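Asker: Before I ask anything, here is the structure I am working with.
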Amino acid sequence: MQVGIVGKPNVGKSTFFSAATMKIVDIANYPFTTIKPNHGIGHLKIRCACRSFDVTDNPGNSICLNGDRLIPVEIIDCAGLVPGAWQGRGLGNQFLDEIRKADALIHVIDASGGTDLEGRQVKIGTHDPLEDVKFLEHELTMWLYQIISRDWPKTIRRIEMLKENLIDILEERLSGLLIKKPHILSAVKNLELNTSSAGGWKEDDLIRLAGELIKASKPLIIAANKMDLPYSEENAKMLREMGYQVVPCSAEAELTLRRAHDKGFIDYNVGESTFNALKTDLTEDQRKVLEIIRNRVLFKFSSTGVQEVMNKAFFQLLKLIAVYPVEDAEHLSDHKGRILPDVFLVPDGTTARQFAYIIHTDLGESFLYAIDAHDKKRIGEEHPLKNGAVIKIVATKARM
């Protein structure tokens with residue numbers, strides 16, 4: 001699964017992407033700095049299972065730092081979106097082509113109200129960030145509406161003459177956008193649309209359907225960026241009160257802290273509420289910047305928000321859980337003797353047998369039962385796994 005970073009130009013999207021991935025990209029205070037989408041690897045941060053068992057682990061597909069497991073995930077920094085993108089304005093076509101590949105969206109906004117809808121800088125506090133949220137919803141809805149309505153008369157003929165099922169037709173047409181049958185069924189039900197009389201649906205019905213499908217298939221979280229600036233706290237609170245999921249964020253602060261850590265200036269763990277200076281020969285300007293970050297961001301919001309946004313996008317929006325497979329439930333090791341080597345991100349509700357299939361097809365087909373390493377109890381094939389579970393799969397053949 002992958003998450004797209006979206007929003008209008010000049011709000012800090014590329015800074016957020018760089019902070020989350022430590023990948024060097026173009027960052028500048030003018031619209032359309034990002035012309036081609038940037039792909040990178042960020043990390044989710046969870047409490048590592050090594051703490052629960054008090055063992056020293058040997059991570060393979062992830063990283064363990066000070067008892068925290070960092071799990072790699074893919075994110076995309078999309079080109080800036082401007083009003084009319086669904087009609088091809090700006091870099092709209094390119095942006096929307098990238099959106100189709102995303103399972104969820106992180107909408108980075110300028111919470112200070114310092115950029116207009118076109119991404120141009122204006123006086124702080126003069127632009128309403130709610131307009132940014134509404135315009136993104138509108139652009140995505142109209143983009144999908146275009147796709148649905150393009151061959152709508154043909155779709156109706158298929159239903160009326162060939163007796164085909166509307167849900168199946170939509171699933172086929174929208175599969176490339178990661179829109180699946182459950183999304184379609186949920187949207188139709190929520191809107192109380194009668195699929196048997198789709199020939200009588202009006203344009204407004206199709207637009208509402210498109211909007212509901214976007215919400216279902218591309219869940220969104222708002223990264224309220226530039227929280228160290230005036231008006232940002234009030235605007236973030238306003239958006240939250242309107243029902244949006246909002247995380248206060250300062251991508252620039254996070255990027256600064258990560259770079260300072262890499263250069264050995266400070267000791268900083270991603271997502272933490274503090275840092276420690278390691279060098280005494282910092283310049284006055286360096287000290288000033290770090291103290292501003294400490295006082296205006298970390299002290300007020302407990303973190304820069306970047307890691308929190310990443311975690312919520314994958315664990316809350318996409319409803320994933322982390323599961324550790326082992327071959328030896330007693331020693332928590334694989335067949336090479338590595339302790340807690342790997343961790344997998346799987347959908348919440350994944351059963352023991354489904355997890356076996358995720359690891360290897362042979363394990364799923366020859367599954368007998370699983371063992372929970374925490375209490376050494378057997379788990380049946382239909383047992384849903386819990387977040388942070390350490391599981392041994394017992395099968396008639398094949399090794400993990």
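Asker: Pick from the range 73-91 the residues that are surrounded by 20 or more Cβ atoms within 10 Å (Cβ to Cβ), of a type outside the set (Val, Ile, Thr) and modelled with pLDDT under 80: which of them is farthest from residue 322 (Cα to Cα)?
Answerer: Among those residues, the one meeting the criterion is 90.
This table checks each residue for (1) at pLDDT below 95; (2) assigned to a helix (DSSP H, G or I); (3) surrounded by fewer than 18 Cβ atoms within 10 Å (Cβ to Cβ); (4) not β-branched (Val, Ile, Thr).
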| position | (1), (2), (3), (4) |
| --- | --- |
| 10 | yes, no, no, yes |
| 14 | yes, yes, no, yes |
| 28 | yes, no, yes, yes |
| 34 | yes, no, no, no |
| 51 | no, yes, yes, yes |
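Asker: Oh, and also: In the range 300-337, how many residues are in contact with a helix residue (DSSP H, G or I) (Cβ under 7 Å, 6 or more places away or on another chain) and over 23 Å from residue 14 (Cα atoms)?
Answerer: 5
Asker: Filtering the range 357-373 down to residues that are assigned to a helix (DSSP H, G or I) and over 25 Å from the mean Cα position of the chain (by Cα), which residue is surrounded by the fewest Cβ atoms within 10 Å (Cβ to Cβ)?
Answerer: This residue is 361.
Asker: Quick check on this structure: which one of 332, 290, 340 is farther than 26 Å from residue 104 by Cβ, buried (at least 17 other Cβ atoms within 10 Å of the Cβ) and assigned by TED's automatic domain parsing to the domain that holds residue 231?
Answerer: Selected residue: 290, the only one of 332, 290, 340 that is farther than 26 Å from residue 104 by Cβ, buried (at least 17 other Cβ atoms within 10 Å of the Cβ) and assigned by TED's automatic domain parsing to the domain that holds residue 231.
Asker: If a residue counts only when it is under 25 Å from the mean Cα position of the chain (by Cα) and closer than 29 Å to residue 130 by Cα, which helices (runs of 4 or more DSSP H) contained entirely in the range 155-247 have at least 3 such residues?
Answerer: Answer list for the range 155-247: 181-191, 203-217, 232-241.
This table checks each residue for (1) closer than 23 Å to residue 68 by Cα; (2) modelled with pLDDT of 95 or more.
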{"position": "363", "(1), (2)": "no, no"}
{"position": "381", "(1), (2)": "no, no"}
{"position": "386", "(1), (2)": "yes, yes"}
{"position": "393", "(1), (2)": "no, yes"}
{"position": "397", "(1), (2)": "no, no"}
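Asker: Being under 20 Å from the mean Cα position of the chain (by Cα) and either at pLDDT below 95 or assigned to a loop (DSSP other than H, G, I, E, B) (or both) is true for just one of 264, 337, 271. Which residue is that?
Answerer: 271
Asker: Working only within the range 237-276, note down all residues that are touching a Phe, Trp or Tyr at 6+ places or on another chain (Cβ under 7 Å) and farther than 19 Å from residue 12 by Cβ.
Answerer: 261, 266, 267, 268, 275
Asker: Next question. Pairs, please: C-beta under 9 Å, at least 6 apart or cross-chain, first residue assigned by TED's automatic domain parsing to the domain that holds residue 261 and in the range 47-70, second assigned to a loop (DSSP other than H, G, I, E, B)?
Answerer: none
Asker: Further question: Select, from 239, 278, 282, 257, the only residue that is of a type outside the set (Ser, Thr, Tyr), at pLDDT below 95 and in contact with a Leu (Cβ under 9 Å, 6 or more places away or on another chain).
Answerer: 282
Asker: Within the bounds of the range 202-219, is there any residue that is surrounded by fewer than 20 Cβ atoms within 10 Å (Cβ to Cβ) and among the small types (Gly, Ala, Ser)?
Answerer: yes
The values are calculated or read from the model by the stated rules, or taken from the named source; none is laboratory data. Owing to the predicted nature of the structure, the values given are computational and were not obtained by experimental measurement. As a convention, Cβ positions derive from the backbone with ideal geometry for all residues, glycine included, and neighbour counts pool all protein chains shown.
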